Amino acid sequence: MAGISPHKNMETQVPYVESPQGYKSDELDGEISSLRSKAKSLQDREWSGTWRFNLSSIMALKSGKLRSEAKQNREQILTLQERVMKLKDQETKAVKNDPGIKYKLQNMNELEVEIEDLRSRIMA
């Protein structure tokens with residue numbers, strides 16, 4: 001570095017300075033540029049892998065949550081179906097045991113038949 005002013009830019013002063021290993025400065029610049037490019041590529045791959053891993057983790061969590069919710073919904077549906085069956089069974093038993101309800105149901109059925117007969121006469 002003899003004869004080089006400390007105030008001037010090294011790259012503009014001496015374009016082909018020999019290094020102790022025998023590299024010229026433009027070769028070193030090329031090596032540095034190549035290493036920076038490789039480092040950036042590796043960093044990009046690392047970020048990409050991290051992003052893919054995080055995305056797959058999120059998808060797995062959401063999938064597990066959806067499965068859990070689906071299972072709970074199925075259980076609720078089965079519980080409600082059982083309750084409906086029990087209520088229908090209780091209704092059937094009540095009708096069999098209560099003569100007043102039997103009479104009302106019979107009258108309702110007779111009225112439904114009469115309504116259908118009147119409808120058919122009106123439409124004709």
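Every number here is computed from the coordinates shown, using simple stated rules; none is lab data. Fair warning: this is a prediction, and the values are worked out from it, not measured in the lab.
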- Query: Given region 31-80 reduced to its alpha-carbon atoms as identical point scatterers, what log10 I(q)/I(0) does the Debye formula return at q = 0.16 Å⁻¹?
  - Reply: -0.63
- Multiply the residue separation of Asn73 and Lys96 by 0.36 nm, subtract the distance between their alpha-carbon atoms, and state the gained length in nm to one decimal. 4.8 nm
- Message: Apply the Karplus curve 6.51 cos²θ - 1.76 cosθ + 1.60, θ = phi - 60°, to the phi angles in region 101-108 and return the couplings in whole Hz, x for Gly and Pro.
- Response: 5, 4, 5, 5, 5, 5, 4, 4
- Item | q = 0.11 Å⁻¹, region 10-123: log10 I(q)/I(0) [Debye, one scatterer per Cα] | -0.79
